[in-house]
Amino acid sequence: MSQLKMVSLSHIDNIPSTPGKLKPEKYPYVHRLRFHSSLSRLTVWSSFLLVFFLFFFFLSPPSASPSSVGGFPRLGLGDSWGGPEWERRVSSSARKHSGSGLIVLVTGAAGFVGTHVSVALKRRGDGVLGLDNFNHYYDPNLKRARQKLLERAGVFVVEGDINDSALLRKLFDVVAFTHVMHLAAQAGVRYAMQNPGSYIHSNIAGFVNLLEACKSTDPQPAVVWASSSSVYGLNSKVPFSEKDRTDQPASLYAATKKAVYGPWGRPDMAYFFFTKDILKGKPITIFEAPDHGSVARDFTYIDDIVKGCLAALDTAKKSTGSGGKKKGAAQFRMFNLGNTSPVPVTELVNILEKLLKVKAKRMILPMPRNGDVKFTHANVSLAHRELGYRPTTDLENGLRKFARWYSNFYSLPKKKSSW
C-alpha cells in the first residue's frame, strides 16, 4: 500500500452483537461517520450490500474446507490448539517487560507490516502475541522465514484464523490484551478478480468476528486497524484526506479494505517483482494512464509506517467498556500514513536500475481496468498533528535497504553494486 489508512477505536461497545441495535450518537473523535435516519434508505442500502456480497459469493471458488482458509490451503496447521505448553508459550510471548508497556495482539503477524510492527513493539518492552493463518497467497517460505525472525525476537505466532471464534475466545481468556493491532487481511487489488470470496472471508467476516471477540472481553482492548489508500478509489482530489468520500471504490479489495516497501516485503508488490525480473533479465510491465500520463505512487518505507502504527497504539484511549456493556462514547480516529511525495513508477525503475546495475527491459502498456488507480497521495497533516508522524526515508535510500536485504535473503552472487 502506498499509503496506510489507520483507524483506532478505544472500545467497541457501540457495535451490536445482532443487527439492528446500533443507536447513532455523536462522537468527539469521529472524522467520518455518517448515519442515515431514513429507514427506507437504510433498507435500500442493506439490500444492495446483500446482493453485492451474494454476487461475489457465487463468483467465488467453492467454500473452504477444514484444510483450507479463505480458499487457500492451510500450511501445516494442526487440528487442535491449546494445552499447557501452548498456553505457556502464549503467556510468555504476551508478557511485557516494562511497567508502562502494552500487551498487544497483532493479527497478520507473519505479514510484511505485521512482522515489522511486532518486532518494534517487542524491542521496546511491550508484550506481543502474533496470529496468522499462513495462507498461500504468496511464497509461504517467506512467511515462515518471517516467523523465525519473530521467534528470535521473542514473539510467538499462533497459527490460526481470525474467523475461528473459539480460538479468539481462548486467546482472550489466556491473555488480558490492552490493545489489538489488526493487520490481517487478504491483500492485492488484482487478485480480487480471481478469488473474491477470500476478501469477503478475511476483510469483512474475519474483521467482524475479531470485533465481536474484543467486545465480549473484560476489559475491552483498544483496537487499531489498517485500511488502504485503495479505499479512496476513483477520487480525483489530491492529496487524499481523511475527510474525502470513499464511496467510489475501484476494486473489491478497496470495497473491503498500494505500496509500502522495504525488507521482508510482499513478492506481489511492484518494487519486489521488478527487482526479481530485472535481475533475471526478464521484461517488466510498466503501466501508463489512459492519457499516456505517468502512474505515480506515494511509496512509503516500512519503518515510517511502523512509527505511525505504534503512535496510534500509544495514543489510543483506554477502554471503559466491559463484557459488552457500554459506559461511554468510543474514541474513533482515522489517520492517513504515507510519504506525501508521489513518485512515478518509471522513476522507481530508474532507481532500481541504478542500485542493481542492470538495465531493465521495459514494456509500456495501458493500465488495465482491474482496480488499480492512477495515483496515490496522502495528506498526513492530521497524523502529524495528533501522532507526531513524520516520514523520513526517501525512495532511493529505502530501495537501497531493500536491495541489500533481497540479495542476502535470496543468496544472490556478490557483485559490485550501489547497495
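All of the numbers you see were taken from the coordinates with simple rules; none came from a lab. Just so you know, these numbers come straight off a predicted model, no measurement behind them. Cβ placement follows ideal geometry from the backbone for every residue including glycine, while neighbour counts extend to all protein chains displayed.
Annotations for the structure displayed:
- Cα-Cα over 32 Å, subset of 307/354; 148/326; 170/325: 148/326
- Label-point gap, in nm, between residue 149 and residue 392 - each point 7 angstrom along Cα→Cβ: 2.0 nm
- Ranked by how many other beta carbons lie within 10 Å on average, peptides 276-287, 145-156 from highest: 145-156, 276-287
- Pairwise label distance in nanometres, residue 87 with residue 411, each label 7 Å out on the Cα-Cβ vector: 4.2 nm
- Order by protection proxy (mean Cβ within 10 Å, highest first), peptides 85-91, 307-313, 161-167: 307-313, 161-167, 85-91
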